[in-house]
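Working notes, structure below.
Nothing in this text is a laboratory measurement; each read-out follows from the coordinates by a stated rule. Fair warning: this is a prediction, and the values are worked out from it, not measured in the lab. Cβ placement follows ideal geometry from the backbone for every residue including glycine, while neighbour counts extend to all protein chains displayed.
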């Protein structure tokens, strides 16, 4: 399954889930606004998603005085668990299906 398609279908925008997955996968909870890779979406789309995640309480935003950079910090919001589950499902769907039919939705 494609994270972009699932994101568009379930979360409203193609880049929303991939951006959240990128944030969650980072070892450090902080990053600059310009750090998310372009493969996730256009810079404008990524900025919009970061703003939405901030409004949802999943990120804190900081704009230090005298600096042009925008910093984001991942919070301990329980909503990250939704992203963890979505990531696990996408990873499981990427695995080759077993012919035994023991996996839900397996095709024989």
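Could you tell me the center-to-center distance, by alpha carbons, between the stretch 41-78 and the stretch 17-39 in angstrom?
Between the Cα centre of the stretch 41-78 and that of the stretch 17-39, the gap is 10 Å.
With the crude spin-label approximation of a point 7 Å out along Cα→Cβ, what separation in nm comes out for residue 56 versus residue 5?
The modelled label-to-label distance comes out at 2.2 nm.
Sequence gap at least 6, Cα distance under 8 Å: using those rules, report the relative contact order of the stretch 3-94 to the nearest whole percent.
Values: 98 pairs, mean separation 23.9, N = 92.
Averaging sequence separation for qualifying contacts and normalising by length gives 26 percent for the stretch 3-94.
Under a crude label model (7 Å from the Cα following the beta-carbon direction), how far is residue 30 from residue 85 in nanometres?
Here the modelled spin labels are 3.1 nm apart.
Which one, 12, 57, 41, has the greatest fluctuation when you compute a Gaussian network model over the chain with C-alpha springs under 10 angstrom?
Answer for the Gaussian network model of the chain: 12.
Please work out the Cα convex hull volume for the chain and give it in Å³ per residue. Display every interim value, and only then the final one.
Working: hull volume 12.3 nm³, N = 108.
Roughly 114 Å³ of hull volume per residue.
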